[in-house]
Amino acid sequence: MADLNSISKDICKKKNLDRNLSAYISNMTTLYGRFSHIKLSMNYYTFCDVLSEADDMVSRDILKVLASLNGMIETDIVNNSSEESRKEALKRLTLIRDSVISTMEIVTAYVDRFGIFEHLLNRVEYRFSNEVFDEAYFEGQLVNDVLNFIVSDKDSVVMNGKISCVVEQLPMRLTRKKFFELVQDAFGLYKDQEQSSLADFVYMLKTVSGIYEPQGFSAAFPDLYQLLQKLSGYSYKEMQEEEFQKAQKELEYAVTFLTKTSDLYVQLMEVINDVMIILLARPNAFYESEEAGKCISIIDAVLKQNGKGLDDADGDITDYFISFEGKQERIYMQISANDYVIDEMDNSLSDELKERGLWEHFESLKKIARLSSGSHFVSLEERQSQKTATEEDVNAAFSDYHETMAASFLKNAKEYNRAVMSLVLASLPVFFNNMDEIISYVKTSLEQCSDLAEKKATMALLHMLMEEDS
C-alpha cells in the first residue's frame, strides 16, 4: 500500500501500465473493502439496535428487507460463499437497493407535501395567540434586523442560504405572473448545462411544489395518504381553534412518522451499500486476517441476535470497536488521496484496461467508488448521455411545470397556493441582483401583509431564524 501514491502518479503519466493498472485496482479495492468491513460492523450493529426499538408501523416493511439482507450477510460475508453465490447475491442486492430508493422517493414526496401544510399551520397558529403584537417594530426595525441577519456573514454561500430562509418565511404577495417569471428565469440557468442537471432541477421543483406523485405513492403509506386528504379538506381561511388543534396533531404524527422512517431507511441503505461494496471487492481485495476477523465477529454477533437488540451480544465487541478507532480515518485518507485516478482511467485508459482483461474489475471499482461517494442513494447506472440542454429543452420543461402548477393553483385555496409559492421561491437559486432588490422585496412583503395572524407568525419565525444565527 505504501507505493499507491506512486502507482497513481505513474498511471496518469501512462508509465508501466502492465503492472500499475492491476496494482491500482487491487490496492484501491482492498482499501474500499477494508473501509466497508469496518463500516458494516458498526452500521449493522447500530441499525439493528435502533430497529429493535422502532414502532411496529415504522419498521414492518423494513423488517422484510432486513430478512433478505441477513441471509446474504450470513451466506456471502460471514461464511464467505462461492463465486456463483456472490454474483447471485449482487443481483438480488441490486433489486433490493432499487426498491429502497423507490421507497425513499415516496417518503421524500410525503415530506414535501406535509411541509406545505406545516407552512400553512404555522401562520394559522397565531390566529389564536393572545400575544401582544408590536406593529411599530414590524413596520420599521424588522426590515433592518432581517437585512443585518443576511449580511452578518460575508460568505456568499451562507448569505444565499439566509436569503432563501427569509424568503420562505416572508408573507407571499407576488402575483402568479411574477412567480412564474422568477421560476422561468431559474429554468434559464440550465441552458447549456447537462440535461441530467435540468431533470434533477425539475424533479426537485415538482416535489417542493407538491405536484410530483411517484409510483405507489398512495399505497406505500396508506395512513399518511389519508392524513394528507384530511389536511387538504380543511378551510385554512376559516379554521377555528378546535380544527387547528386537530390538524396540528395530525401533522405532528405524520412528521414524526416520516422522520423515523426516513432515518431508518438511510441507515438501512448504509448497510446495503456496505454489503454491496464488500461483495464487489472480494475478487480483488486482500485483507489483514486480524482486522477482518474482528469485523466478521461483530457482524456474526448481530446476526445471532436476530434484530432483538444487542444487550446480550459478545462482550468482546466493545473492545473490537475500540481497536478500530482511527483506522477508518487513515484508510479514508488513502482513498481520498488516490481516487482521482479512477476518472483518469475511465476517460483515457479504457482500451488498455480491456486489452489486459481488467475492464470487469475496473467496472466493479467504479461502482464501489460511487457507493462510497457519501450520497447513500446514488444510482449505480452510469449516465450514458451527457448532452447539454438546449433552449428548446429548457422551454419545454418550464412549459410542462407551468401547465401543471397552473392547474394546481386553480384547484387549491389561496392560502395553500401562497405556501407553495413561498417554498418554491426559497428553493430556487437566489434571484436578487443586488442588496436594493432584497430590501425592496422584504419591505414590500411586509407592507402588503394585512392579516394580523400572519404578521405575528412572520415576525416570530424570522426571529427564530435570527436567534439561531446569534
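The values are calculated or read from the model by the stated rules, or taken from the named source; none is laboratory data. Note that this is a predicted model, so its numbers are computed, not measured. We place every Cβ from the backbone using ideal geometry, glycine too, and count neighbours over all the protein chains shown.
Here are the numbers:
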{"quantity": "Flag if residue 382 is out of contact with any Leu (no Cβ under 7 Å at 6 or more places or on another chain), within 30 Å of residue 13 (Cβ to Cβ) and in a loop (DSSP other than H, G, I, E, B)", "calculated": "yes"}
{"quantity": "Scope segment 272-289; condition surrounded by fewer than 22 Cβ atoms within 10 Å (Cβ to Cβ) and under 18 Å from residue 324 (Cβ atoms); matching residues", "calculated": "287, 288, 289"}
{"quantity": "Single condition residue 382 does not satisfy, out of (1) farther than 30 Å from residue 202 by Cα; (2) without any contact (Cβ under 8 Å) to a residue 60 or more places away in the chain", "calculated": "(1)"}
{"quantity": "Hits in segment 1-57 (condition: under 31 Å from the mean Cα position of the chain (by Cα), farther than 23 Å from residue 330 by Cα and surrounded by fewer than 19 Cβ atoms within 10 Å (Cβ to Cβ))", "calculated": "49, 50, 52, 53, 54, 55, 56, 57"}
{"quantity": "Cβ-Cβ under 9 Å pairs, at least 6 apart or on other chains, segment 175-196 side under 14 Å from residue 395 (Cα atoms) and touching a residue at least 40 places away in the same chain (Cβ under 8 Å), far side acidic (Asp, Glu) and exposed (fewer than 13 other Cβ atoms within 10 Å of the Cβ)", "calculated": "188/391; 191/391; 192/391"}
{"quantity": "Of all residues in segment 70-88 being more than 20 Å from residue 292 (Cα to Cα) and of a type outside the set (Asp, Glu), the one that is surrounded by the fewest Cβ atoms within 10 Å (Cβ to Cβ)", "calculated": "87"}
{"quantity": "Residues being loosely packed, with under 13 Cβ neighbours inside 10 Å and either among the charged types (D, E, K, R) or farther than 14 Å from residue 469 by Cα (or both) - total across segment 146-164", "calculated": "4"}
{"quantity": "Segment 416-440, residues that are more than 27 Å from residue 197 (Cβ to Cβ) and modelled with pLDDT under 95", "calculated": "435, 436, 439, 440"}
{"quantity": "Lone qualifier among 286, 257 - being over 20 Å from residue 372 (Cβ atoms) and among the aromatic types (Phe, Trp, Tyr)", "calculated": "257"}
{"quantity": "Residue count, segment 419-453 (criterion: of a type in the set (S, T, N, Q) and in a loop (DSSP other than H, G, I, E, B))", "calculated": "4"}
{"quantity": "Any helices (runs of 4 or more DSSP H) falling wholly within segment 46-140 and containing at least 2 residues that are at pLDDT 95 or above and not basic (Lys, Arg)", "calculated": "83-124"}
{"quantity": "Qualifying residue in segment 405-412 (condition: closer than 19 Å to residue 163 by Cβ, exposed (fewer than 12 other Cβ atoms within 10 Å of the Cβ) and either at pLDDT 90 or above or out of contact with any Lys or Arg (no Cβ under 9 Å at 6 or more places or on another chain) (or both))", "calculated": "no"}
{"quantity": "Test: residue in segment 454-470 that is within 26 Å of the chain's Cα centre (by Cα), in a helix (DSSP H, G or I) and not aliphatic (A, V, I, L, M)", "calculated": "yes"}
{"quantity": "Hits in segment 388-404 (condition: small (Gly, Ala, Ser), surrounded by 15 or more Cβ atoms within 10 Å (Cβ to Cβ) and part of a helix (DSSP H, G or I))", "calculated": "397"}
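Condition check ((1) surrounded by fewer than 15 Cβ atoms within 10 Å (Cβ to Cβ); (2) closer than 14 Å to residue 164 by Cα) across all residues:
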| position | (1), (2) |
| --- | --- |
| 427 | no, yes |
| 444 | yes, no |
| 455 | no, no |
| 461 | no, yes |
